[in-house]
1. Looking at region 309-334, I want the residues that are assigned by TED's automatic domain parsing to the domain that holds residue 298 and at negative phi and have a partner that is at pLDDT 90 or above and of a type in the set (Lys, Arg) with Cβ atoms under 7 Å, at least 6 apart or on another chain. Which pairs are those?
2. Can you tell me which residue within region 238-294, out of those that are of a type in the set (Val, Ile, Thr) and surrounded by 14 or more Cβ atoms within 10 Å (Cβ to Cβ), is nearest to the chain's Cα centre (by Cα)?
3. Here are 289, 270: which of them is under 18 Å from residue 188 (Cα atoms), in a helix (DSSP H, G or I) and in the same structural domain as residue 235 (by TED's automatic domain parsing)?
4. In region 248-264, is there at least one residue being modelled with pLDDT of 95 or more, among the β-branched types (Val, Ile, Thr), farther than 30 Å from residue 54 by Cβ and not in a helix (DSSP H, G or I)?
5. If I go through region 101-135 residue by residue, how many of them are assigned by TED's automatic domain parsing to the domain that holds residue 249, hydroxyl-bearing (Ser, Thr, Tyr) and under 26 Å from residue 40 (Cα atoms)?
6. Residue 284 - would you say it is closer than 25 Å to residue 187 by Cβ and either of a type outside the set (Val, Ile, Thr) or at pLDDT 95 or above (or both)?
7. Can you tell me which condition residue 277 does not meet? The list is (1) closer than 18 Å to residue 171 by Cα; (2) touching a Lys or Arg at 6+ places or on another chain (Cβ under 9 Å); (3) of a type in the set (Lys, Arg), and all the others hold.
8. Here are the criteria: (1) part of a loop (DSSP other than H, G, I, E, B); (2) among the aliphatic types (A, V, I, L, M); (3) surrounded by 21 or more Cβ atoms within 10 Å (Cβ to Cβ). Tell me which single one residue 101 does not satisfy.
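The values are calculated or read from the model by the stated rules, or taken from the named source; none is laboratory data. This one's a predicted model, so the numbers in the text were calculated from it and none came from an experiment. Every residue, glycine among them, receives a Cβ derived from its backbone with ideal geometry; neighbour counts consider all protein chains shown.
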Amino acid sequence: MDKSIDEKKLAAYLEGCVPGFKGPMTLDKFAGGQSNPTFKVEAASGKYVLRRKPPGKLLKSAHAVDREFRVIEALANTDVPVAAAHHLCEDDDVIGSAFYLMGFVDGPIYWDPSLPEMDNDGRTAMYDEMNRVLAAIHSVDIDAVGLGDFGKPGSYFERQLSRWTSQYRASETETIEAMDWLIPWLAENLPADDGRVSLVHGDYRLDNMIFSATEPKVLAVVDWELSTLGHPFADLAYQCMQWRMPNGGAMRGLDGFDRKAHGIPTEEEYVATYGERMGIGAIPHWSFYLAFCFFRLSAILQGIKKRALDGTASSDKAHEMGNFARPLAEAAVAIIEKEG
């Protein structure tokens, strides 16, 4: 239960806006997640999920629940599995911040990419399914679903570098030497824009998917807060970061884990399978894309650390997660130094 939300007032509002919704209702905050607080809604009419902007002063363009809602609504009749989009409320007076209501998707969420819950065949199938869904996201006809104006024209990586550098500087709590080296290096080594534009999720990883409990099938991709129009290789490299992160730690990586013995593809195999699905060959500038994704996640975690210090973070693990900003930046530098 979230005592800051008047459940009776919210139920009355939703009854007037969402066809079929009927109170009374209760709210229970989901554990995990670092950004937009998310609640399970149990009402007389069924189960739903509510995502809201967090309270407090927020960085410009952060926590865009309106964009998140727009995406899942647009993807309703595509090959990308998403929850049903019910209602967007941008009136802060209802619960104190903007929020949206979507359908509740019943299925497990897996947090450890080594998938200890599965046997080898299950792991292989799960990774292939994640690969399939990623290709489906990048194959969406953005104009046909009404997302043709969902991002700005021009170099995606140039714009993202500018955005996340600004976000990082705005939330900087200490000097991270690796970030101070990395930011100008990325700016000086931007690949030429190859014209690829697709919908990108922005945070595509295992624990942002709800799976079927009975088969290796993604029922819904969630947490579209960072989605935009951009370069598909950013999503691919972002997911492939998990192959580079230590196994068994808080960041839940696969480095040091015997992937072959457990039915998990190598990074190279995963990228090649994606390439086959998308009809492309080898990906140039791969080390840049990886380093950029480490930089971007470092900037995101720095923002989480700042919110933790300010007392506005949505998770009690925010400070711990924020402390990974430094090692992630250092990992990006190591990739550049090793792989060029």
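1. Going by the 7 Å Cβ cut-off, the qualifying pairs are 331/244.
2. Looking only at region 238-294, we keep the residues that are of a type in the set (Val, Ile, Thr), and these are 264, 266, 271, 273, 280, 283.
Adding the requirement that they be surrounded by 14 or more Cβ atoms within 10 Å (Cβ to Cβ) leaves 264, 271, 273, 283.
On the way: 264: 22, 271: 19, 273: 21, 283: 22 Å.
Here the answer is 271.
3. On inspection, the qualifying residue turns out to be 289.
4. Yes, region 248-264 has at least one match.
5. 0
6. Working: closer than 25 Å to residue 187 by Cβ: yes; either of a type outside the set (Val, Ile, Thr) or at pLDDT 95 or above (or both): yes.
Yes; evaluated as a whole, the condition is true for this residue.
7. (1)
8. Going through the list (1) part of a loop (DSSP other than H, G, I, E, B); (2) among the aliphatic types (A, V, I, L, M); (3) surrounded by 21 or more Cβ atoms within 10 Å (Cβ to Cβ), residue 101 breaks only (1).
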